[in-house]
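Novice: This is the structure I have questions about; it appears just below.
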Amino acid sequence: MSRCSAVFVTPSALTVTVDETVELRARGGSGFFSWYAPGGRDFIGSGNIFRTSYSVPGTYTVTVRNARH
């Protein structure tokens with residue numbers, strides 16, 4: 001069984017204003033990524049760049065995974 005390298009996301013944390021677009025970039029792993037951002041306007045995605053925004057202030061967690069492992 002092959003193992004993929006770790007996935008890194010930049011930025012790892014940030015503060016944004018309501019309705020401001022958040023852009024996250026992933027690298028490493030298999031090179032194929034899936035994203036999940038509960039509460040975000042665009043809450044699922046794929047690829048190494050993911051963009052979303054939030055209409056309600058708060059603290060949110062965005063998850064990225066190797067899509068092929």
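The values are calculated or read from the model by the stated rules, or taken from the named source; none is laboratory data. Here the structure is a predicted model, which is why all the values come from computation and not from measurement. Here Cβ is always computed from backbone atoms with ideal geometry, including for glycine, and neighbour counts include all displayed protein chains. What goes into the accessible areas is simple: the full protein's heavy atoms, side chains included, and nothing from ligands, DNA or RNA. Shrake-Rupley method; radii C 1.70, N 1.55, O 1.52, S 1.80 Å.
Novice: Going through region 33-65 one residue at a time, which ones are of a type in the set (A, V, I, L, M) and either open to solvent by less than 80 Å² (accessible area, probe 1.4 Å) or more than 19 Å from Ala13 (Cβ to Cβ) (or both)?
Specialist: Going through region 33-65, the residues of a type in the set (A, V, I, L, M) turn out to be 37, 44, 49, 56, 62, 64.
Ala37, Ile44, Ile49, Val62, Val64 - these are the residues of region 33-65 that are of a type in the set (A, V, I, L, M) and either open to solvent by less than 80 Å² (accessible area, probe 1.4 Å) or more than 19 Å from Ala13 (Cβ to Cβ) (or both).
Novice: Checking the condition among the charged types (D, E, K, R), at pLDDT 90 or above and out of contact with any Lys or Arg (no Cβ under 7 Å at 6 or more places or on another chain), which residue from Arg3, Arg51 passes?
Specialist: Details: Arg3 fails: at pLDDT 90 or above.
Exactly one of Arg3, Arg51 is among the charged types (D, E, K, R), at pLDDT 90 or above and out of contact with any Lys or Arg (no Cβ under 7 Å at 6 or more places or on another chain), namely Arg51.
Novice: Just checking, how many residues over region 17-32 are surrounded by fewer than 14 Cβ atoms within 10 Å (Cβ to Cβ), on the phi < 0 side of the Ramachandran plot and assigned to a loop (DSSP other than H, G, I, E, B)?
Specialist: Qualifying residue count for the region: 4.
Novice: Only residues in region 44-69 that are more than 14 Å from Phe32 (Cα to Cα) count as the first member; pair them with residues that are among the polar types (S, T, N, Q) and exposed (fewer than 14 other Cβ atoms within 10 Å of the Cβ), Cβ under 7 angstrom, at least 6 apart or cross-chain, and list the lot.
Specialist: Arg51/Thr21; Ser53/Thr21
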